[in-house]
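**Student:** The structure's right below; bear with me while I get my questions together.
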Amino acid sequence: MVNSNMNYDSWKLASDLEGRSEILADRCSDIESCVDGKLKLAITQTNRVSDSQWDAEPSLAEADDDGQITLELTLRLKHVPVCGTPGDLQELAQAFLRMGESLAHLARSNQTSQGLKLASSVQQRDVIPKSDLG
């Protein structure tokens, strides 16, 4: 039986929707922080050894109603030396490869024998099954 005096906020709290939303928001913040930190390191390493320069906007992680988390990230590549020949594509490919190698190295350093390290929000709260956290 539904309590007719219960407002929407009370219902959310009673059904633990508010807690789930808070956990997902924390998880999204952790993902954004982790990606931004690793990407900043990769950009610094890559820009140090290249004429071209990478730049990134802060990442944005969002959870949908099902708890699936998606990431939006904008990377900018600037100052790629080109001369108007088909070799320009090779220069562009090399810039992408250098960034990919830096990111792959940082991703490997974020792994344990059990898989990827979990963000702190997952380690601290074990309320939502990890499959619901993306």
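**Student:** Given a 1.4 Å probe and every protein chain left where it sits, what share in percent of the accessible area of the range 18-85 is carbon and sulfur?
**Tutor:** Accessible surface attributable to carbon and sulfur in the range 18-85 totals 48 percent.
**Student:** Right, next: Give me the one-decimal nm value for the distance between modelled label points at SER109 and ALA56, 7 Å along each residue's Cα-to-Cβ direction.
**Tutor:** Taking the two extended label points, one gets 1.3 nm.
**Student:** Mind listing P(r) for the range 25-89? All alpha-carbon pairs, 5 Å bins, whole percents.
**Tutor:** The percentages, shortest bin first, are 4, 16, 20, 17, 13, 11, 8, 6, 4, 1.
**Student:** Find how much the distance from VAL49 to ASP64 grows on full extension, using 0.36 nm per residue of separation minus their present alpha carbon separation; answer in nm with one decimal.
**Tutor:** 1.5 nm
The values are calculated or read from the model by the stated rules, or taken from the named source; none is laboratory data. These numbers were taken from a predicted model, which means no experiment stands behind them. All Cβ positions, even for glycine, are placed from backbone atoms using ideal geometry, and neighbour counts span all protein chains on display. Accessible surface is based on the protein model in full, side chains and every heavy atom, while ligands, DNA and RNA are left aside. Shrake-Rupley method; radii C 1.70, N 1.55, O 1.52, S 1.80 Å.
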